[in-house]
Structures are given as C-alpha cells and as structure tokens.
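These notes concern the structure reproduced below.
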Amino acid sequence: MEKKNTSDFRYNTGETRVPWAAVGENYNAQDLMEIIKFLMQGTGSDYDAVIKEVENSINKLSTISAPPGKLSLATQVAEAEAAVDEYLGAQGSLFITNATAGFEVAGKYAGIGPGDEVIVPAITFIATMAYPLAVGAKVVIADIDPLTLNMDPADVARKVTDRTKLIIPVDIGGYPCDLDPIMELGRKHDITVLEDAAHAFGAEYKGRKIGTIADFTSFSFHEVKNMTSFGEGGILTTNVDKIRPHLKRARFLGLDFSQAIKNWLYDITAIPGKDKPFVANNYSTTEIQALGLKLQIGRYDQIIEMRREAATYMNSRLAGNPAIIPQHLGSADVKPTFHLYQIQIDPEKAGGDVQIFKKKLTDKSVTNIPHFGPLYRFEILETLGYNRDALAETCPVCEEVFDRRFTHLPIYGLSKDQLDYMADAILETVDEMQRGI
C-alpha cells in the first residue's frame with residue numbers, strides 16, 4: 001500500500017507529484033496482529049481459533065485502509081492534552097515521555113545548578129531527586145508526616161535557606177501532600193514548587209484537582225500507575241503564566257513553527273525560565289501513547305472508584321484492631337487516588353515491627369511492594385559526598401516509620417476472595433506476632 005500523504009509541512013506541502021511521507025516505514029497487517037496478540041494474550045484451541053478469525057479480518061481490512069500519516073506529536077497527542085485539561089481544569093497540559101521529563105523541565109525553569117538547594121521528601125522514588133543531582137544541585141531531605149508519609153511542611157520550613165530554589169512535594173500512594181503551607185513557603189521565599197504527582201492523577205486538595213495548585217505538577221502514566229499510556233508517559237502542568245505559552249516548545253527542542261529563519265521552515269528558540277532562558281530537550285510522545293491515554297481518561301473516575309471501594313472494604317475488615325493503622329481514606333478536603341494501599345502497624349501493640357509483618361505476609365503469599373525507601377540510604381548520595389548517617393539523623397520520623405511501621409499492599413484488580421484473603425492474612429499475621437509465633 002502506498003504511504004499516506006501527511007499535512008505536516010516539514011514533509012509535505014499538500015498534494016504533490018513527489019511526496020515526502022512523514023512515516024519512514026509503515027506497520028503492516030502482520031505487525032498489527034503481533035500487537036493484538038501481545039495486548040490480548042492467551043493459549044489453547046479456542047484462543048487460536050479466534051486469533052485466526054481476527055487475522056483474516058485484519059488482512060481483509062488492510063486491503064481497504066491506509067496507515068496514519070503521523071506516529072508522533074499529531075492530533076492524538078493534542079486531543080489527549082485537551083482531555084487532560086478538561087479533566088483537571090488546567091490549561092496547556094503537556095504530554096511527555098514520563099514524569100521524570102516533567103521534573104527536568106520544571107528544574108530547568110527554576111534554573112537549578114551547582115550551589116542551589118532542592119528540598120525533597122525522605123521517602124519517594126529516586127526519580128524525584130535525579131535531575132537536581134544530575135546538575136550538581138544540593139538535595140536537602142525533609143522528614144515525613146507519620147500518617148500520610150508525605151513531606152512534612154514544618155520540616156520543610158526548618159530547612160529552607162537563601163539557597164533554596166525548588167521544593168518538590170510528593171503525593172505518595174496518591175494521597176495529596178498538604179500543599180497550602182508548602183505553597184505559602186514558595187511565595188514567601190520566591191521558591192518554585194514542583195509537585196511530584198506521579199501517583200496522584202485525579203486526586204483533589206481542598207476542592208481543586210492536583211495539577212492546578214503547584215507552580216508545576218508532573219504526573220506519570222507508567223505501566224504500574226492507575227492510568228497508563230501503553231507503558232510510559234507523563235503530563236506536566238504549570239500555573240506559571242510566564243512559561244505556559246511556551247510549554248509545548250519545551251517538549252521538542254525549542255522548535256518554533258510559528259516563525260522561520262531565512263530559507264528554512266522554523267526557528268529554534270530558548271524557553272523562558274524564571275531568571276534566564278533555558279535550552280529544551282526532546283520528550284516527544286507517540287500517537288499510540290496518546291490514544292491509550294485518551295481511552296483510559298474516559299473511564300478514569302470508575303478506576304478511582306474501584307480502588308476507593310477496595311480500600312474502604314479493607315479498612316472495614318481491619319477496623320477495631322488497635323495494632324493496625326490502615327490506609328487513610330481522605331476527607332472532604334483531601335481525595336486520594338488509592339494508587340497503593342498504605343498500611344502501618346503499631347510495633348508495641350503488634351508484638352513486633354513491620355519487618356516481621358512483611359515477612360509473614362510474604363510467607364502467606366500476600367505481595368508487599370518494597371518500592372519506596374529513604375532517599376538518603378542510597379549509595380549515590382554517599383558517592384556524591386553526602387553523609388548518609390547525618391541525613392538519617394535529620395529525619396527521625398522516616399527512620400521510625402520505614403524500619404518499624406509501614407508497607408504498601410496491592411489494591412486494584414483483586415477479586416473479593418483475594419481482598420478477603422489479604423485481610424485475613426493481615427489479621428492472622430498480627431495475631432501470630434502478638435502470640436510470639
């Protein structure tokens with residue numbers, strides 16, 4: 001089949017005798033079949049029979065269809081961004097390769113570099129501090145709230161200095177950070193606030209969706225998140241008027257198609273930062289990813305509701321046991337996304353710490369998710385000249401909670417029987433610990 005002409009003027013300027021297609025090599029019917037078999041896996045004679053029927057239909061469809069004119073940064077990406085804007089009540093959402101790319105854009109806007117300080121919470125994923133470390137900024141570790149595991153605003157206030165350029169609150173497990181005091185600190189000291197909302201797409205804080213409050217907010221659509229875009233992807237939002245009109249160019253090398261240099265199609269321009277312009281990188285996303293995001297956004301409220309119902313049920317099963325501190329379900333002011341089921345135990349009442357608890361649950365075939373640990377324990381900080389023991393001393397709540405109290409459990413895609421088994425296993429584990437078994 002001939003390649004379809006595209007309206008992208010870098011390759012075509014309308015109907016031509018000698019076109020230049022945007023897509024170098026199109027995918028064919030056989031390729032599509034492999035994708036279908038990857039997305040809908042199965043075995044057995046019934047599966048094989050249906051797959052054969054689908055293959056015949058796909059081959060027939062290929063004789064009367066044409067491939068897309070673009071595979072990246074076209075209409076699907078634009079529509080996905082518009083859908084995110086509508087869902088969040090945001091303006092100018094940027095669909096990018098992943099949440100980490102969003103952290104980089106915000107860090108470049110803030111102009112962080114050697115000698116600058118960036119405050120991050122003690123417990124989060126390594127990506128939160130990757131860009132500051134990469135550019136030589138000093139990472140300052142803030143202690144956490146003992147219930148939510150999020151950044152403690154009071155400790156952030158204690159650790160702000162005249163060198164602080166960026167604060168990165170993280171919504172662990174999809175539970176919104178206490179943003180008001182952090183935003184107040186940002187305004188008071190002229191510090192950019194970047195919210196790491198990798199887990200929190202759809203969460204609300206005091207009547208506003210996360211993504212509409214901080215200076216920048218970066219979401220993740222990695223394969224393990226509540227909503228995905230075929231394995232990877234992210235959204236960056238901003239409330240900074242200075243950069244919002246330029247944010248789309250920050251995704252793709254600063255290309256500016258609204259103006260052109262002499263004898264060429266476009267210009268390359270810098271992106272306005274807080275104090276000085278910065279050079280954009282390439283965080284381009286594909287049309288397929290955008291289509292996946294659009295499809296899941298359409299049912300996203302249902303996804304959150306199923307997670308909320310599962311968490312509520314688990315809490316009802318665990319209620320009344322004073323040794324167990326179940327997932328906080330939120331309030332009128334705070335609506336989480338229930339990305340994870342965060343559970344804690346009281347070591348004194350449980351007869352032991354969470355390390356025993358986790359091992360016993362694993363022995364009972366209940367999956368623990370050992371994903372988030374204290375950032376200051378990673379070797380990379382020691383390598384870069386940080387004193388890990390000294391940092392630990394500045395985060396006593398994190399030390400206590402991480403070593404003795406909390407773990408993450410799955411909450412989505414589980415049957416009623418699986419939820420019942422997990423609740424039973426938790427109660428049995430605590431009972432065994434209390435009896436010294």
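What's the ranking of 401-414, 214-227 by average number of surrounding C-beta atoms within 10 Å, highest first?
214-227, 401-414
Mind telling me which of GLY373, GLY202, GLY385 comes out most flexible in a GNM of the chain, alpha-carbon contacts under 10 Å?
GLY385
For helix 300-318, report the angle its Cα long axis makes with the longest principal axis of the Cα atoms of the chain; keep it between 0 and 90° and round to the nearest 10°.
It works out to around 10 degrees.
If you roll a 1.4 angstrom probe over the protein chains with everything in place, what fraction of the accessible area of the chain belongs to carbon and sulfur, to the nearest %?
Heavy-atom surface of the chain belonging to carbon and sulfur, 1.4 Å probe: 54 percent.
Report the rotationally averaged projected area of the range 36-133 based on its alpha-carbon convex hull, in square nanometres.
That works out to 11.5 nm².
Computed from the mean reciprocal separation of all distinct C-alpha pairs, what Kirkwood hydrodynamic radius does the range 230-346 have, in Å?
Kirkwood hydrodynamic radius for the range 230-346: 18.6 Å.
Output wanted: per-residue J couplings in Hz (rounded whole) for the range 118-129, from phi through Karplus 6.51 cos²θ - 1.76 cosθ + 1.60, θ = phi - 60°, x for Gly and Pro.
10, 8, 10, x, 5, 10, 5, 7, 4, 4, 4, 10
Return the whole-Å distance between the Cα centroid of the range 355-373 and the Cα centroid of the range 237-263.
Result: 46 Å between the Cα centres.
With no solvent and one equal point scatterer placed on each C-alpha of the range 136-274, evaluate the Debye formula and give log10 I(q)/I(0) for q = 0.14, 0.18, 0.19, 0.22 Å⁻¹, two decimals.
At q = 0.14, 0.18, 0.19, 0.22 Å⁻¹ the computed log10 ratios are -0.75, -1.08, -1.16, -1.35.
Where does helix 75-88 land angle-wise versus the long Cα axis of the chain, in degrees 0 to 90, nearest 10?
The two axes meet at around 40 degrees.
Would you calculate a helix-derived [θ] at 222 nm for the chain, using -39,500 (n - 2.57) for each DSSP H run of n ≥ 4 and dividing by the full residue count, to the nearest 500?
When only DSSP H runs of four or more count, the value is -11500 deg cm²/dmol.
Sorting check: for 145-158, 98-111, 259-272, which peptide has the highest mean count of neighbouring beta carbons within 10 Å, and how do the rest follow?
The most tightly packed comes first, giving 98-111, 145-158, 259-272.
Where only protein heavy atoms count, and the probe is 1.4 Å, what is the accessible area per residue for the range 40-165 in Å²?
44
Can you give the alpha-carbon Rg of the range 278-360 over 2.2 N^0.38 Å, where N counts its residues?
Normalised by 2.2 N^0.38 Å, the Cα Rg of the range 278-360 equals 1.63.
How high is the relative contact order of the range 301-437, in percent, with contacts defined as C-alpha pairs under 8 Å that are six or more residues apart?
Averaging sequence separation for qualifying contacts and normalising by length gives 33 percent for the range 301-437.
What's the ranking of 415-424, 236-245 by average number of surrounding C-beta atoms within 10 Å, highest first?
Answer by packing, highest mean first, reads 236-245, 415-424.
Do any of LYS274/LYS294; LYS209/LYS294; LYS138/LYS358; LYS138/LYS335; LYS70/LYS165 go past 28 Å between their Cα atoms, and which?
The answer is LYS274/LYS294; LYS138/LYS358; LYS138/LYS335; LYS70/LYS165.
Using only the alpha-carbon atoms, what does the chain span along each of its principal axes? Please give whole angstrom values in decreasing order.
82, 65, 42
The values are calculated or read from the model by the stated rules, or taken from the named source; none is laboratory data. Given the structure is predicted, the values throughout are model-derived calculations rather than measurements. Positions of Cβ are backbone-derived with ideal geometry, glycine not excepted, and every protein chain shown enters the neighbour counts. These area figures cover heavy atoms from the full protein model, side chains too; ligands, DNA and RNA do not enter into them. Shrake-Rupley method; radii C 1.70, N 1.55, O 1.52, S 1.80 Å.
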